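Asker: The following block contains the structure, expressed as structure tokens.
The values are calculated or read from the model by the stated rules, or taken from the named source; none is laboratory data. As the structure is a computational prediction, the values presented were derived from the model and not from experiment. Methodologically, a virtual Cβ is constructed for each residue, glycine included, from the backbone with ideal geometry; neighbour enumeration extends over all protein chains shown.
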DNA sequence: CGTGCCTAGGCGACGAGACGACTAGCTGGT
DNA sequence: ACCAGCTAGTCGTCTCGTCGCCTAGGCACG
């Protein structure tokens, strides 16, 4: 369900093919959600079936035809309804914390290694986010739409940043 | 897969029934992972099939029999192997950020409301985590096992805390 | 006396997501 | 000349997780 909403959201930016969508998931909203391409195409099919989007085939030279998916008024309505609706509870799912929770089973060295590997991983991610953020420039003068999109990136940055601090602290104090 | 590991981890603390496990998921590791009870029972079945755990039926007076699941040596080995293994990439999945990302479709007031609702939600969660944390007391003198478990809770607290800060900032600066 | 909740466990169906394979023409590099 | 990679899309299978419903005895409340 959520994937359908995110796709509708992306279609408000511009009409897209499944392929275009996949690239957006890998790039612009990769820090929020990621999707399997098979899943994307299936969901696009459902959106068309339920009248949320319509397909326009655009032939190209030297490349496969583009099946452009355009959002319909019904689709826009459904998107707005979702955005304004009661958010349903998000169950916690933090695989890494799961490891840490039971890492007492390991030797101390192994725990330290676990934490350090995570640290390099998150640091790399943070670096990536910061680059994306830098590409956006100063938020002053952004309209609400652009501001909110950039804000989600800042949240991901803040998140990575606070995890790094936590990791360092745990490493320092680990008995 | 991950659920199997978490269950094995819990079984190292003490033998448990599916029912016991469900309560642990709702309480102690609720901030890390949550699981459907049907899923728990199914996974327990698999663990027994693959020799990771064995069942001991304990009759009770006035209550249904307890099917206690005890972790085996093979189970302990599998758990340690998992804890030490390469963590696989965790795709980002933040439904709320998904909303915010496209919230530009809404009126300004509706966005503010969205942010505020989230804020009360997270604040309540934070309160809950803080209570759990207070129940644990001072970390000084904890062994590694207990320290790491408490550390995951602190991570969840830090996470909620940094989200609250972000929410306030976004509300303030929202164009 | 009935209603609802607690303990304990189970079943079946469904949707979401992950993974891999396959088609097909064009482009760029060695 | 050949292999790799990009654009674009399709299919099938599998696992994971969710949801709802069911059994069944004991307990407390009103």
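Asker: Working carefully through the options B:79, B:139, find the one that is more than 21 Å from residue B:7 (Cβ to Cβ) and either more than 7 Å from chain A (Cβ to nearest Cβ) or within 20 Å of the chain's Cα centre (by Cα) (or both).
Answerer: Just a single option satisfies the conditions, and that option is B:139.
Asker: Considering only segment B:67-75, I want to know if a residue exists there that is within 16 Å of DNA strand D (Cβ to nearest atom), more than 14 Å from chain A (Cβ to nearest Cβ) and either in a helix (DSSP H, G or I) or in contact with a helix residue (DSSP H, G or I) (Cβ under 8 Å, 6 or more places away or on another chain) (or both).
Answerer: Scanning segment B:67-75 turns up at least one residue that is within 16 Å of DNA strand D (Cβ to nearest atom), more than 14 Å from chain A (Cβ to nearest Cβ) and either in a helix (DSSP H, G or I) or in contact with a helix residue (DSSP H, G or I) (Cβ under 8 Å, 6 or more places away or on another chain) (or both).
Asker: Quick check on this structure: which one of A:132, A:159 is at pLDDT 95 or above and either outside any loop (DSSP other than H, G, I, E, B) or surrounded by fewer than 16 Cβ atoms within 10 Å (Cβ to Cβ) (or both)?
Answerer: Testing whether each residue is at pLDDT 95 or above and either outside any loop (DSSP other than H, G, I, E, B) or surrounded by fewer than 16 Cβ atoms within 10 Å (Cβ to Cβ) (or both) leaves just A:159.
Asker: Tell me yes or no: at least one residue of segment B:112-123 is at the interface with chain A (Cβ under 7 Å from one of its Cβ atoms), surrounded by fewer than 17 Cβ atoms within 10 Å (Cβ to Cβ) and farther than 18 Å from residue A:93 by Cβ.
Answerer: no
Asker: Let me ask you something else. In segment A:64-75, is there at least one residue being more than 30 Å from residue B:9 (Cβ to Cβ), outside the structural domain of residue A:116 (by TED's automatic domain parsing) and within 12 Å of DNA strand C (Cβ to nearest atom)?
Answerer: yes
Asker: Pairs needed: first member in segment B:12-27, in the same structural domain as residue B:74 (by TED's automatic domain parsing) and over 16 Å from residue B:53 (Cα atoms); second member anywhere, assigned to a helix (DSSP H, G or I) and more than 11 Å from DNA strand C (Cβ to nearest atom); C-beta distance under 6 Å; at least 6 residues apart or different chains.
Answerer: B:24/B:10
Asker: Continuing with the same structure: Got a number for residues in segment B:23-42 being under 23 Å from residue A:103 (Cβ atoms), within 14 Å of chain A (Cβ to nearest Cβ) and either within 11 Å of DNA strand C (Cβ to nearest atom) or part of a helix (DSSP H, G or I) (or both)?
Answerer: Residues that pass the stated criteria total 4.
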